[in-house]
Amino acid sequence: MSALLEISGIGKSFGAVRVLSGISLAVSEGETLGLIGPNGAGKTTLFNVVTGFLRADAGQVRFAGAPVDRLPPAERAARGLVRTFQKAMVFPALSLRESLAMAARQRAGQGLRWLGARACHQESAARVERLLAESGLARHGGERMADLSYGEQRIADLLMALALEPRLLLLDEPTAGLSQAEAERLLGIVRRHDARTAIVLIAHDIDIVFNHCDRIAVMHLGQLLRTGTPQAVRQDAAVRAAYLGSLAD
Ligand SMILES: Nc1ncnc2c1ncn2[C@@H]1O[C@H](COP(=O)(O)OP(=O)(O)OP(=O)(O)O)[C@@H](O)[C@H]1O
Ligand SMILES: [Mg+2]
């Protein structure tokens, strides 16, 4: 079976600074892949290339069997390649429910146009209520995004992405600033929503990554240092060196 996402030979420089070199990586349907590495390793830049917010200097990105290098972010999202941002871009004045409805309608407009406007609206509204219920945020649906707690805003970011019905969800530090319990809750929401969604998870919290991921890819100075099972990565000498021994046995 071919991979859902296939990244091959990606290179990217900003001026004279090489930020990504020769990155090749594949993600399978339904897999959870952790993407870790020290600050500045190039993790977010790789997400930007994969989702079309940046054009790579070299290499190719294929999604669901087709090259997507020339597609803008919205068209990649329409195919199911969806991301969240390290710095959230929520609409602070809209309510949580309104924000989710915007995302859900965007998706329905792409996939269900043949059903007609009314059916699209009903389908979107149902999806929003389902997301609110699954996430435990139903009673906050009417609150402005800006009035939600920090932890709830992080969940709201996630729900905005889930409303697009991703086949692959790229999460850029969704658990930053959350307690262990809040982080576990957030990642549980994705799996409860759809166990088949593939995930690439960037996180600095090593416990979260090692507990939740099937495989882990380690970046360092713009290169892919290792990819492997959590156990293999944890024991790898080069990975341990990059993390200056902060990986416990
Ligand atoms: N638009 C840009 N212009 C110039 N340099 C950039 C730009 N975006 C990122 N960089 C540089 O590229 C390198 C990789 O940055 P990137 O944000 O991808 O790292 P990261 O692994 O996501 O780090 P962090 O864990 O801190 O989020 C850094 O040295 C950063 O300063
Ligand atoms: Mg980053």
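Read the figures in this text as sums done on the coordinates, not as results from a lab. From a predicted model like this one, the values you see are computed outputs, not experimental measurements. All Cβ positions, even for glycine, are placed from backbone atoms using ideal geometry, and neighbour counts span all protein chains on display.
Please list the three semi-axes, largest first and in whole Å, of the ellipsoid equivalent to region 175-237, using sqrt of 5 times the eigenvalues of its alpha carbon gyration tensor.
Each semi-axis is the square root of five times an eigenvalue, giving 22, 14, 11 Å.
Using alpha carbons only, how many degrees (0 to 90, rounded to 10) separate the axis of helix 180-193 from the longest principal axis of the chain?
Taking the Cα atoms of the chain, the angle to 180-193 is about 60 degrees.
Compute the orientation-averaged projected area for the chain from the convex hull of its Cα atoms and round it to one decimal in nm².
Computed as one quarter of the Cα hull surface, the answer is 14.0 nm².
Can you tell me which of 179-188, 13-22 comes out highest on packing, and rank the rest after it, using the mean Cβ neighbours within 10 Å?
Averaged packing, sorted descending, gives the order 179-188, 13-22.
To the nearest 10 degrees, how steeply does helix 150-162 sit against the main Cα axis of the chain, on a 0 to 90 scale?
The two axes meet at around 80 degrees.
Only bridges with both residues in region 146-249 count here: give the DSSP antiparallel percent, nearest 5.
50
As a test of the formula, what do you get for the chain when each DSSP H run with n ≥ 4 contributes -39,500 (n - 2.57) and the sum is divided by the residue count, at 222 nm and rounded to the nearest 500 deg cm²/dmol?
About -11500 deg cm²/dmol.
Relative contact order of the chain, please, whole-number percent, based on alpha carbon pairs below 8 angstrom and at least 6 residues apart.
That works out to 27 percent.
Compute the helix-to-body angle for 117-135: its Cα long axis versus the longest principal axis of the chain, expressed 0 to 90° and rounded to tens.
Roughly 60 degrees between the two axes.
Would you work out if region 139-181 is rounded, prolate or oblate? Take a ≥ b ≥ c from the square roots of the eigenvalues of the alpha-carbon gyration tensor; rounded if a/c is under 1.5, else prolate when a/b is larger than b/c, oblate otherwise.
Cα axes put region 139-181 in the oblate bin.
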